[in-house]
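For reference, the structure discussed in these notes is given below.
Here, each number is a calculation from the coordinates, and none is a lab measurement. Model, not experiment: these values are computed from the prediction. All Cβ positions, even for glycine, are placed from backbone atoms using ideal geometry, and neighbour counts span all protein chains on display.
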Amino acid sequence: MGYLVWIACRATAARLLVVGRGGQGARLAAALALAAMWVCLGPPPAQAGPLTLTITGSVDFPDRSPDIAPVIGPDDVTVDVRSLAAPGTPWVLTIVADADLTSGTDAIPVGNVSWTASPSPPFQGGILSAVVPSVLGTGVSHFTASLSLGFYLQNSWDYVPGDYSATATLTLSSP
Amino acid sequence: MTKYRSTVLGLATLALALTPVPADAASDTKTLTINATVSARAKLTISPTTINFPDADPDVVNPIPATENTVSVEAKIRTTGAGVATLTCLANGDLVSGTDLIDIDNVTWTASGAGYGPGTMHASAAQSVGSWVGSGSRSGSFDFFLDNSWAYAVGNYSQDVVYTLTAP
């Protein structure tokens, strides 16, 4: 919508300028046309978005003795973040797990998973939750960054042997 | 185009140009997979690992407590939810001093801590020391005793005892 208005704005201003220059007693029209041209000469309003996320890799915690590695990690994931909404438009990146890490009927609380983030700011570390999305970062458009996330798992002798898995959803949004 | 129409059109154009363009809401969502591998494992810690029974008058001290009592033990286990982990001990033989022997089953122990139990040393069959269901870290302690006797030959006796922690 904004782009079409911009096109119409420039076209109309250009026509008015021609009419103003060629018509008799149309100095006012020409002045208005010039003013409109001055406004319209700016870059077209950016289309809302795009906001894009690209994730490279997955998180894979290996088996380790809790006495040797009380915390397993970091296991790194790269996220390309792009917010190309209208300049100055705020964006927020969040993460939330779908559930605990599960292996059959056994579970490892997802709150035992944490992360560090770089660059910081605008990104920040935190603890994973399956209840409330955690904020990974905030800012304003235009913004692009390669976000490096380092994930950690609290280790424990209480864990039952198995292959555990969970998914986490990253959401980049702009109001 | 008349001057009037040009003016109106120009004003309209300017009004349009100055109207803020609302940005549409937008978002992108991606899914991240998190995996973790947990394997069965067992780790046993006993401290100290050497105990000594001092010489004592059999009429006065019987049985003889080990100088190092109380000995601490910790069994760390990762096993399936219904898996039973066991701790056993088996002596490599009787207490030996040259050619003299003290029967190893003269050595006994008491135990404290969930899952731990008392027993008597043997060299022919492993003896149960403890058992537990599922994963976890189990702490306990032992007190060792040697039955005293005037029948013992004089000497410095020793023997090794092997403790084995098994997690299915």
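Taking the Cα centre of segment A:53-124 as origin and charging only Cβ (+1 Lys, Arg; -1 Asp, Glu), how large is the dipole, in debye to the nearest 20?
Values: 2 positive and 9 negative charges, 79 e Å.
Roughly 380 debye, rounded to the nearest 20.
Determine the shielding of peptide A:57-66 by partner chains: average, over its residues, the number of Cβ atoms on other chains within 10 angstrom of each Cβ. Intermediate values should be presented prior to the final figure.
On the way: counts 2, 5, 5, 5, 5, 5, 7, 4, 5, 5.
If you average over the peptide's residues, the count of other-chain Cβ atoms is 5.
With an 8 Å Cα cut-off and a minimum separation of 6 or more residues, compute the relative contact order for chain B in percent. It would help to have the intermediate numbers written out before the result.
Numbers: 315 pairs, mean separation 47.7, N = 168.
Worked out over chain B, it gives 28 percent.
Rounded to the nearest 10 degrees, what's the angle between the helix B:3-18 long axis and the longest principal axis of chain B, both from Cα atoms, 0 to 90?
10 degrees
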